[in-house]
Amino acid sequence: MQLLLMALAPIVIIIFYIYLKDKYEKEPKRLLIISFLLGAIVSIIITTLLYSVFNILVPLEDKLSVWEQFKQAFFVVGFSEELSKFLIVLLFAQRHKEFNEPFDGIVYAVMVSMGFAATENIMYVMQSGPATAIARAFTAVPAHATFGILMGYFMGKAKFAPNKLYLNLLGLFFAILFHGAYDFFLFIDYVPGIWVGAFVSLAIGIFLSRKAIRYHQNSSVFKDDFNSIS
């Protein structure tokens, strides 16, 4: 039970943080819970299926090859995991009438991402123990949130723009880019000190995520109504 709580604690903190950042028009809790569960179950299933396909099409032939690890980070792990989250936001959340402002893209993408991260984190922590729980609370979990925010920023804009396909795919691209970069530097840990690159990419992602949150907050169509009531 203690390991389970340690695995879920950072997930809950990030969800609560994003929920508070959605200042002007909260999303229905029912849709948030469904999005989380879809991320925790359906996204994991899609990712597992994609992994199986890529293991046949793009097998890891040499663990010490930088190019092989680059393919694994960007075209296998990054693409598979972010595509699975993207499809849920695109086919479920973005279609709802409650998705009625750009910030909602961030909210739903993070909920799906945190669902995915919850399942992944539980598996890792149950297998490896408290040290892994602490390490992932400050690395992998916020990384998944960052990928979700960057994806959601563009998917939020896409809902209300004429060039929907372009913006949706741009969100997927940036999520894959930052996910791939983060994993790539960790995968080539046999190069001394290269792991620092993962934290640099994460720091950049967090910086951009904070800007994305502020941008959609400031451009919210509900901001004036909220301020007038306040």
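The values are calculated or read from the model by the stated rules, or taken from the named source; none is laboratory data. What you see is a predicted model; the values in this text were computed from it and never measured. A quick note on method: Cβ atoms are made from the backbone with ideal geometry, for glycine too, and the neighbour counts reach across all protein chains shown. Please note that ligands, DNA and RNA were not included when accessible areas were found on the heavy atoms of the full protein model with its side chains. Shrake-Rupley method; radii C 1.70, N 1.55, O 1.52, S 1.80 Å.
Okay, here's what the table says:
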| read-out | value |
| --- | --- |
| Check on Y19, within 30 Å of F222 (Cα to Cα), part of a helix (DSSP H, G or I), among the aromatic types (F, W, Y) and in contact (Cβ under 8 Å) with a residue 12 or more places away in the chain | yes |
| Segment 71-127 - residue that is in a helix (DSSP H, G or I) and basic (K, R) and, of those, modelled with the highest pLDDT | K85 |
| Boolean, F92 is open to solvent by 60 Å² or more (accessible area, probe 1.4 Å) and either touching a Leu at 6+ places or on another chain (Cβ under 9 Å) or touching a residue at least 60 places away in the same chain (Cβ under 8 Å) (or both) | no |
| I34 being assigned to a helix (DSSP H, G or I), surrounded by 15 or more Cβ atoms within 10 Å (Cβ to Cβ), out of contact with any helix residue (DSSP H, G or I) (no Cβ under 8 Å at 6 or more places or on another chain) and in contact (Cβ under 8 Å) with a residue 40 or more places away in the chain | yes |
| Whichever residue in segment 175-230 is at pLDDT 90 or above, among the aliphatic types (A, V, I, L, M) and assigned to a loop (DSSP other than H, G, I, E, B) and, among such residues, is least open to solvent (accessible area, probe 1.4 Å) | I188 |
